């Protein structure tokens with residue numbers, strides 16, 4: 001089953017005037033769709049927790065995982081966001 005991505009939930013410098021998506025879209029989509037729901041664009045441990053709580057099945061991350069020399073630690077912190085649920089991290 002192909003995942004369906006939603007974003008952006010935080011300001012993003014390449015398109016600052018684009019409207020942000022409401023987190024509620026994640027919960028609505030997870031109820032109405034059988035596909036996995038992915039939150040995308042500028043996801044980190046701070047905003048990722050609320051996105052998982054709002055219904056994201058997966059987080060698509062790049063910078064949050066690889067923007068420092070502590071890649072393993074970053075991935076471990078991001079994976080902790082899913083400990084209470086059967087969810088996935090996509091890097």
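Scanning the range 9-50 for residues that are touching a helix residue (DSSP H, G or I) at 6+ places or on another chain (Cβ under 7 Å), under 14 Å from residue 79 (Cβ atoms) and either touching a residue at least 60 places away in the same chain (Cβ under 8 Å) or part of a helix (DSSP H, G or I) (or both) returns 45, 48.
Counting only residues that are part of a helix (DSSP H, G or I) and either out of contact with any strand residue (DSSP E or B) (no Cβ under 8 Å at 6 or more places or on another chain) or exposed (fewer than 12 other Cβ atoms within 10 Å of the Cβ) (or both), how many does the range 66-81 have?
Filtering the range 66-81 for residues part of a helix (DSSP H, G or I) gives 66, 71-80.
Subset that is either out of contact with any strand residue (DSSP E or B) (no Cβ under 8 Å at 6 or more places or on another chain) or exposed (fewer than 12 other Cβ atoms within 10 Å of the Cβ) (or both): 66, 71-74, 76-77, 80.
Residues that pass the stated criteria total 8.
Which residues, taken from the range 51-65, are over 14 Å from residue 4 (Cα atoms) and not in a loop (DSSP other than H, G, I, E, B)? If you could, list the steps in order and put the result at the bottom.
The initial filter retains those residues of the range 51-65 that are over 14 Å from residue 4 (Cα atoms), namely 51-54, 61-65.
The answer is 51, 52, 53, 63, 64, 65.
For the subset of the range 1-24 comprising residues that are exposed (fewer than 13 other Cβ atoms within 10 Å of the Cβ) and within 14 Å of residue 58 (Cβ to Cβ), which member is modelled with the highest pLDDT? If we take residues in the range 1-24 being exposed (fewer than 13 other Cβ atoms within 10 Å of the Cβ) and within 14 Å of residue 58 (Cβ to Cβ), then 2 is modelled with the highest pLDDT.
The values are calculated or read from the model by the stated rules, or taken from the named source; none is laboratory data. Keep in mind that this is a model prediction, so the values were computed, not measured. Neighbour counts run over all protein chains shown; Cβ positions are idealised from the backbone, glycine included.
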